[in-house]
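Student: Input: one structure, supplied below.
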Amino acid sequence: MKLTCIKTDKRNKQHVNLMPLETFMERVLEDNYFEDVDALRTFVRYAESWSIFERMHRLAVIYPSAVMKPNQEGNLVAQQFNGLFTLTISPLKDEEEAEAVKQMTAILPCTMLSLLGSSGRSLKVIVRACRPDGSLPQTEEEMEVFCKQAYPILCGLYEPLVTMAQTADSLQVAPAVRGEGLPLWMTGFRMTVDQHPYYHAEATPLRIPDGISMQEKGKVTPDDSQENASGAVIQNTKDLISLLDRRYAFRMNMVMGYVEYRPKEKWHFGWRPVDERVQNGLAMEARLAGLNVWDKDVSRYLHSNLVRAYNPVEEYLWGLYRKWDGHDYIADLARRVPTRNPHWEEWFRIWFLGMVAQWLGKSRRYGNSIVPLLISKQGYNKSTFCKSLIPTDMQWGYNDSLVLSERKSVLQAMSQFLLINLDEFNQISPKVQEGFLKNLVQLASVKVKRPYGKHVEEFPRLASFIATANVTDILSDPTGSRRFIGIELTGPIDMSQPINYNQLYAQAMALIDQNEPYWMDDRQTLEVMESNRQFKRSTPEEMFFEECFMIPEHEGEGQYMTTAAIFAAVKKKGGSAIRTGNIRIFGQFLSNIENIKRRRTRVGTEYLVIPTPKS
């Protein structure tokens, strides 16, 4: 089956293409139009009229009903009727409500496709229908008559499903918008994006009786077999949903991964997770009310798209969009940390924007891979400062008790928490620093198996990292030190004044929207690595090397020695303090020494050193 796709270029010239249904679905899923559709949906959030959206012309118009081609005069004519009808359900409050209504449309067997419209405020439902004998009209005149018969039936059929949605009073079902003066069979919609559409290629065509006009909308029903089957499902589901929604409000916390509930008559009760005990109680309430339902019916409803999706992070951040007053609150926050490092404000700004971008899902290829490391003696408010970076209402997203040895818990925490504080960083072993942690901080997504899950799933990373330490010699990996921003405090962090969280995060949203970088460039990375030299943790081998040898400035000084010879001298000097016999690791240390000269020989690499008299 092929759909007609018409795109208008900047010169107002139309380009007509025939697109197989499978290709259309691939484009919907693969986001070929992602930037334009995403920009439109962002624009709609704040504009009273989105018809003036500047990129609108970039979105092609899809006509599912018929295969069309231009004739010699350039007018579109129908070549074949597909028996597909497009309905629009609008106005939807948000994309979450669209998902709920989408699930309801999937109940009817004639629904072939249900997906979010390009604006994010409507649902496009494509329905299959045919004549009573299973045939389809052939001429444009027959197609127009058939559309006038079919659309009122389809609208009347889908309206009961829409009324079951939470805000159903404001929703309307109507044929999709068509151009002025165009026939009904040229009903279409703008190209859109939906990563979770409902698609049933083998949908059963609804048989449309003859003799119905557009003025008789809603008076005709489908044949008895379809009416009885769908009616029973609708009534059984409607009674359960009606009972639960009268008594409770539900929402799916997309960050924590569970459904929350709140009694409608006890708003002060607050939102609480729906655990097994609560779910069983809901099922008992339905049974005691005389409904013939089972535990699985309640579970299916609660864990379906009919329950409003709720993302506390996105709701908070988008609520601050375009509300920044222009003052630099991020710099104010950075200045609370007393340090002699001249780059601290610049580095903190990059990290803070990276944290917010991580919450928004901006870092799709790489995670926020830099970690501020606050170093001082105890009592300098380091942990208090870290915790205060998260707004009060989102403190659930702060974690300072992560055990790195429990790798599954760590990965799961990265998809559920906002900020993870690696408190007492100096207690993390060099092996963990150079291995697991080094890889962890740069992940963009995590793969874990949820409790009672049947397979490993991939989740977007949400958390960024910050760390605290009480000693200065803590970084053990010379190649991984660029991921940490070591900052030694010269005094306690000022926590005497409250933080204006709304303006702080409104500024971050504004700067990200202005494409300010939230990652470090090569220059900044080199500055971080140079600054971190003072916090490097030395091994016994490295310390005894400095006692045994000096690095000459000129070629004529000193002598070339092999790695083995140098290591033997160090081991002799260190005695039992040298616990490793791994020359390869020692060779890596030698190769990373700044300004050391080396040469390749038949016995291996030799290094130019000056043995000290005491060695």
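The values are calculated or read from the model by the stated rules, or taken from the named source; none is laboratory data. Since this is a predicted model, take the numbers as computed values, not measurements. Please note: Cβ atoms are built from the backbone with ideal geometry, for glycine as well, and neighbour counts cover all protein chains shown. Protein only, heavy atoms only, side chains kept; ligands, DNA and RNA dropped before computing areas. Shrake-Rupley method; radii C 1.70, N 1.55, O 1.52, S 1.80 Å.
Student: Once you have the Cα-Cα distance between residue 547 and residue 519, take 0.36 nm times their residue separation minus that, and quote the gain in nm to one decimal.
Tutor: In short, 6.1 nm is gained.
Student: A further question on this structure: What shape does the stretch 403-525 take by its C-alpha gyration tensor, where a ≥ b ≥ c are the square roots of the eigenvalues and a/c under 1.5 counts as rounded, a/b above b/c as prolate, and the rest as oblate?
Tutor: oblate
Student: Also, I was wondering about something else. Return the FRET efficiency for the residue pair residue 377, residue 572: r is the Cβ-Cβ distance, R0 is 35 Å, and the value is rounded to the nearest 0.05.
Tutor: After rounding, the FRET efficiency stands at 0.40.
Student: What is the sum of charges around residue 78, taking Lys and Arg as +1, Asp and Glu as -1, for the other residues whose C-beta is under 12 Å from the C-beta of residue 78?
Tutor: -3
Student: Using a cut-off of 12 Å between beta-carbons, work out the net charge of the residues near residue 104 (Lys and Arg +1, Asp and Glu -1, residue 104 not included).
Tutor: -1
Student: Here is a further query. Could you give the accessible area per residue of the stretch 504-615, probe 1.4 Å, as a whole number in Å²?
Tutor: Here the per-residue accessible area is 61 Å².
Student: If you take every residue apart from residue 335 with its C-beta less than 14 Å away from the C-beta of residue 335, what net charge results, scoring Lys and Arg +1 and Asp and Glu -1?
Tutor: Once all neighbours under 14 Å are counted, the net charge is -2.
Student: What are the equivalent ellipsoid semi-axes of the stretch 276-382, built from the alpha-carbon gyration tensor (square roots of five times its eigenvalues), in whole angstrom, biggest first?
Tutor: Gyration-tensor ellipsoid for the stretch 276-382: 47, 18, 14 Å.
Student: Residue 289 to residue 598: extension gain in nm, 0.36 nm per residue of separation minus the Cα-Cα distance? Don't skip to the end; give the middle numbers.
Tutor: Numbers: separation 309, 0.36 × 309 = 111.24 nm, distance 8.49 nm.
Here the answer is 102.8 nm.
Student: Counting each pair of different Cα atoms once, what's the Kirkwood radius of the stretch 535-615 in Å, rounded to one decimal?
Tutor: 12.9
Student: Hey, with R₀ at 41 Å, roughly what FRET efficiency would residue 276 and residue 94 work out to, going by the Cβ-Cβ distance, to 0.05?
Tutor: Values: r = 30 Å, r/R0 = 0.72.
Once the sixth-power term is evaluated, E becomes 0.90.
Student: With a point put 7 Å past each Cα toward its Cβ, work out how far residue 565 is from residue 204 in nm, to one decimal.
Tutor: Result: 8.9 nm between the two label points.
Student: Hey, another quick one. List the residues, sorted by chain then number, that are 5 or more residues from residue 66 or on another chain and whose placed amide H is less than 5 Å from its amide H.
Tutor: 4, 82
Student: Rounded if a/c is under 1.5, else prolate if a/b beats b/c, else oblate: with a ≥ b ≥ c from the C-alpha gyration tensor eigenvalues square-rooted, which is the stretch 461-540?
Tutor: Note, shape of the stretch 461-540 comes out oblate.
Student: Would you compute, for the Cα atoms of the stretch 298-353, the largest minus smallest coordinate along each principal axis and list the three values in descending order, in whole Å?
Tutor: Here the spans come out as 59, 24, 15 Å, largest first.
Student: Positive end of the dipole of the stretch 86-132, charges at C-beta (+1 Lys, Arg; -1 Asp, Glu), about the Cα centre: which of 120, 87, 101 has its Cα farthest in that direction?
Tutor: 87
Student: Using the heavy atoms of the protein chains alone and a 1.4 angstrom probe, what is the accessible area of the stretch 240-395 per residue in square angstrom?
Tutor: 52
Student: Loop only per DSSP, at most 14 neighbouring Cβ atoms within 10 Å: give me the GluC sites (Glu not before Pro) in the stretch 544-615, ordered by residue number.
Tutor: The qualifying sites are 553, 555, 557, 594.
Student: Would you please classify the overall shape of the stretch 360-441 from the alpha carbon gyration tensor, given that a ≥ b ≥ c denote the square roots of the eigenvalues, rounded means a/c under 1.5, and beyond that prolate means a/b larger than b/c while oblate covers the rest?
Tutor: Verdict is oblate for the stretch 360-441.
Student: Go ahead and run the numbers for FRET between residue 442 and residue 395, Cβ-Cβ distance against an R0 of 25 Å, rounding to 0.05.
Tutor: 0.45
Student: How large is log10 of I(q)/I(0) for the stretch 64-172 at q = 0.14, 0.15, 0.16, 0.17 Å⁻¹ when the intensity is taken from the Debye formula with one equal scatterer per alpha-carbon?
Tutor: -0.62, -0.69, -0.76, -0.83
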